[in-house]
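Take a look at the structure set out below.
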Amino acid sequence: MKLTIKLGSCLNITNEGLSHIGRSCSKLVELDLYRSSGIADSGIVAIAHGCPSLEMNNTSYFYGITNNAPVSLSKCKKLHTLEC
């Protein structure tokens, strides 16, 4: 069974929330954050460090992240889909 979290269009997710997911969900495979707001590089970096099995990440329509976020996700060796 794949661990998937879908938070598309979630206006209440924060970097702290993503950090908690990174610390608690090491087997996370898919994370959909499409059009979620209030997230910066630190939240995505926390996911990259804590979820090495990540295969899919959707951060489409994000305005608070820089190139550092996708670069940090490159550490997830199983990542095959990255939507930015």
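General observations
- Residues in the range 1-30 that are out of contact with any Lys or Arg (no Cβ under 8 Å at 6 or more places or on another chain), outside any helix (DSSP H, G or I) and closer than 20 Å to Ser74 by Cβ: Cys25, Ser26, Lys27, Leu28.
- For the range 39-61, a tally of residues being closer than 24 Å to Leu11 by Cβ and in contact with a helix residue (DSSP H, G or I) (Cβ under 8 Å, 6 or more places away or on another chain) returns 15.
- One residue stands out in the range 62-84 among those that are assigned to a helix (DSSP H, G or I) and in contact with a helix residue (DSSP H, G or I) (Cβ under 6 Å, 6 or more places away or on another chain): the one that is farthest from Cys25 (Cα to Cα), namely Asn68.
- Subset tally (residues that are out of contact with any Leu (no Cβ under 9 Å at 6 or more places or on another chain) and either under 17 Å from Arg23 (Cα atoms) or basic (Lys, Arg) (or both)) for the range 41-68: 3
- Within this structure, Tyr61 fails the test of being of a type in the set (Ser, Thr, Tyr) and in contact with a strand residue (DSSP E or B) (Cβ under 9 Å, 6 or more places away or on another chain).
- Those residues of the range 62-84 which are hydrophobic (A, V, I, L, M, F, W, C) and closer than 18 Å to Gly8 by Cα, in sequence order: Phe62, Ile65, Ala69, Leu82, Cys84
- On the stretch given as the range 26-36, residues that are surrounded by fewer than 15 Cβ atoms within 10 Å (Cβ to Cβ) and out of contact with any Pro (no Cβ under 8 Å at 6 or more places or on another chain) total 1.
- Count of the range 1-25 residues which are surrounded by 14 or more Cβ atoms within 10 Å (Cβ to Cβ) and touching a helix residue (DSSP H, G or I) at 6+ places or on another chain (Cβ under 6 Å): 4
Every number in this text was worked out from the coordinates using simple rules, so none of it is lab data. This is a predicted model, so every value here is computed, not measured. Virtual Cβ from ideal backbone geometry, glycine too; neighbours counted across all protein chains shown.
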